[in-house]
Amino acid sequence: MPSMSNVGTNIKRMSKHTAVYGMGNILNRAITFLLLPLYTNILTTADYGVLNLIYPFLGLMNVAFMYGMDSAFMRFFIPEKDEKRRLEIFSTVYLSILATTALLTGLLYLFEPLLARAVLGNDSHLLYLAFVILALDGLSFLPVLYYRSINKPVNYVAIVFGEVILNLALNILFVAFFRWGIRGVLLANIFSSAAKLVLSSPALFHNLKTLFRMPLWKDLLKFGLPTVPAVLFANIIALGDKFILRYFFDESTVGIYAASYKIAIIMALLVTAFRFAWHPFFLSISDQPDAKQTYSKILTLFVMVASFLFLMVAMLAPPILTTPFFGVTIIPITYQAGLKVIPWILIANIFQGIYVNLVVGIYLEKKTHLSPLLTGIGMIVNLGTNFLLLGVFKMDFTAAGIATMLAYLAQTIAIFLVTRRFYPIRYEYEKLLLIALITAALYLTPMVTGLHQFWFMTILVLLYFPLLFRFNIIDREVAVAMVKRVFKRG
């Protein structure tokens, strides 16, 4: 029978890495919160909408720049014990990315006028600046990924911290003082991305020592390329709603929607931190006899924490965001119509986090060819729901949030049904159901009672964990010890 102490140790290790990676992502995404009042109070809704068309476009283009090499690198590098072989893997991947980045950046510059009209509806030349960001991020991705792969999250956090501080300072300078608008935002990103490349260069100099290995490159492509459609479909789910809203409405609608979408980013922080720590972790313990038990308990812990975040943000964020502080409102009146999408995006991110947990079977059984099918289901649901609700039922932009939630729900159900056939895990279904019921009951209470006062909703949020203890959902021997360890040593 698997040792509970071993499971607890694994969960503590996972939680510590998640906490540290979470710190890195909080630093990285905190700039979104810090700059949101700046953007919403200085940029028009239309300009902010344009900005939120540019960055999703870069996200989609990044799939082509990476072409699965990020996943392939981790799959080959982490299990490899031979140091010389590790150097070959690093060098082959980086030289491949270097060559394709130069080629793709050149092609993007060549077709910029056509792309600008397709993406932004005009030829404002803003994409020229955006392509520089894309190239710099492409060149720095592997050195940063290297620190994740060798479980050195502190190095990762240090790099992100330097990037964030510079980006924040330059945004204030270019946007608040110089009033350069969208160009100021992009220029600040260019300089901060360049700084990230410089800060991550020690990993590059340490590992880029061997020649390009063609047989190895073919093996990397064989693993990585099948993941490209899945990553592309996932990006369409996460980013495509902005383009759909522009099609049905205009840039201002995109800006209003995007501002509130970013408020829900706190859940994305948790999911991203979890994903960064999760992949190296589940690969490293996959040969342990109690691995599946560990995976199951980690899913329960994730849902537990994510549900608490949902209650905090969905119930407490709107009144805080619309209250002026020192004369500045985070979400001004011109953007406040978008607040109603926050709960939908939060729930969507919870399902995305569950999907990240369930993907373990796909990787361990080397069935990445199934990933495009699973994310493709989510993409079809997303696009279909968007066009149905927006085009047929003429709903407002709330439809985009609902479509995102349904897309992640669909692909989560799909991956669960598929992976249980070849990598079955006994999850704690009763606990997961109770967490969902408690969360729903607390969230719906103000609507049923008509009490929407801030103090009342705060009490409801604070009741969450006592209710979990009351129904024996929290495993005290694991969860409490985990929290103590994180706060004591994290």
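Six or more apart or on different chains, Cβ under 9 Å: which pairs go from a residue in region 32-45 that's touching a residue at least 12 places away in the same chain (Cβ under 8 Å) to one that's basic (Lys, Arg) and part of a loop (DSSP other than H, G, I, E, B)? Could you list them? Matching pairs, first to second residue: Ile42/Arg179. Could you list all residues from region 323-364 that are closer than 17 Å to Ala414 by Cα and more than 20 Å from the chain's Cα centre (by Cα)? Within region 323-364, Gly361 is the sole residue that qualifies. Once region 470-490 is narrowed to residues that are surrounded by 16 or more Cβ atoms within 10 Å (Cβ to Cβ) and outside any helix (DSSP H, G or I), the residue that is modelled with the highest pLDDT is Ile473.
Of the candidates Tyr94, Tyr156, the single residue that is under 19 Å from the mean Cα position of the chain (by Cα) and crowded, with 19+ Cβ neighbours inside 10 Å is Tyr156. Counting the residues of region 172-181 that are in contact (Cβ under 8 Å) with a residue 60 or more places away in the chain and surrounded by fewer than 22 Cβ atoms within 10 Å (Cβ to Cβ) gives 4.
Against the condition closer than 22 Å to Glu365 by Cα and either in contact with a strand residue (DSSP E or B) (Cβ under 8 Å, 6 or more places away or on another chain) or touching a residue at least 12 places away in the same chain (Cβ under 8 Å) (or both), how does Ile438 come out, does it pass? No: the conditions fail for Ile438. Could you tell me whether any residue of region 244-258 is under 20 Å from Asn62 (Cα atoms) and surrounded by fewer than 23 Cβ atoms within 10 Å (Cβ to Cβ)? The answer is yes; a qualifying residue exists. Looking across region 280-291, the residues that are assigned to a helix (DSSP H, G or I) and either out of contact with any Lys or Arg (no Cβ under 8 Å at 6 or more places or on another chain) or surrounded by fewer than 18 Cβ atoms within 10 Å (Cβ to Cβ) (or both) come down to Phe282, Leu283, Ser284, Ala291. Can you find even one residue in region 373-393 that is touching a residue at least 24 places away in the same chain (Cβ under 8 Å), out of contact with any Lys or Arg (no Cβ under 9 Å at 6 or more places or on another chain) and among the hydroxyl-bearing types (Ser, Thr, Tyr)? For region 373-393, residues touching a residue at least 24 places away in the same chain (Cβ under 8 Å), out of contact with any Lys or Arg (no Cβ under 9 Å at 6 or more places or on another chain) and among the hydroxyl-bearing types (Ser, Thr, Tyr): present.
Leu370 meets the conditions (1) in contact with a helix residue (DSSP H, G or I) (Cβ under 7 Å, 6 or more places away or on another chain); (2) surrounded by fewer than 23 Cβ atoms within 10 Å (Cβ to Cβ); (3) modelled with pLDDT of 95 or more; (4) among the aliphatic types (A, V, I, L, M) in every case but one. The failed one is (3). Of all residues in region 65-87, those being among the acidic types (Asp, Glu) and either assigned by TED's automatic domain parsing to the domain that holds Pro280 or touching a residue at least 24 places away in the same chain (Cβ under 8 Å) (or both) number 1.
Do we have Ile285 as touching a helix residue (DSSP H, G or I) at 6+ places or on another chain (Cβ under 7 Å), closer than 26 Å to Ile362 by Cβ and at pLDDT below 95 here? Here the answer is yes, as Ile285 does meet what is asked.
Here is a list: Leu383, Leu467, Leu442. Which entry is at pLDDT 95 or above, surrounded by 13 or more Cβ atoms within 10 Å (Cβ to Cβ), over 17 Å from Pro343 (Cα atoms) and over 26 Å from the mean Cα position of the chain (by Cα)? Step through it out loud before you land on a result.
Working: Leu383 fails: over 26 Å from the mean Cα position of the chain (by Cα); Leu442 fails: over 17 Å from Pro343 (Cα atoms).
Exactly one residue qualifies, and that residue is Leu467.
State the number of residues belonging to region 328-361 that are closer than 21 Å to His279 by Cα and in contact with a helix residue (DSSP H, G or I) (Cβ under 6 Å, 6 or more places away or on another chain). Residues meeting the conditions: 13.
The values are calculated or read from the model by the stated rules, or taken from the named source; none is laboratory data. For clarity, every value in this text was computed on a predicted model and none was experimentally measured. Cβ sites come from the backbone with ideal geometry, for glycine too, and all protein chains shown count toward neighbours.
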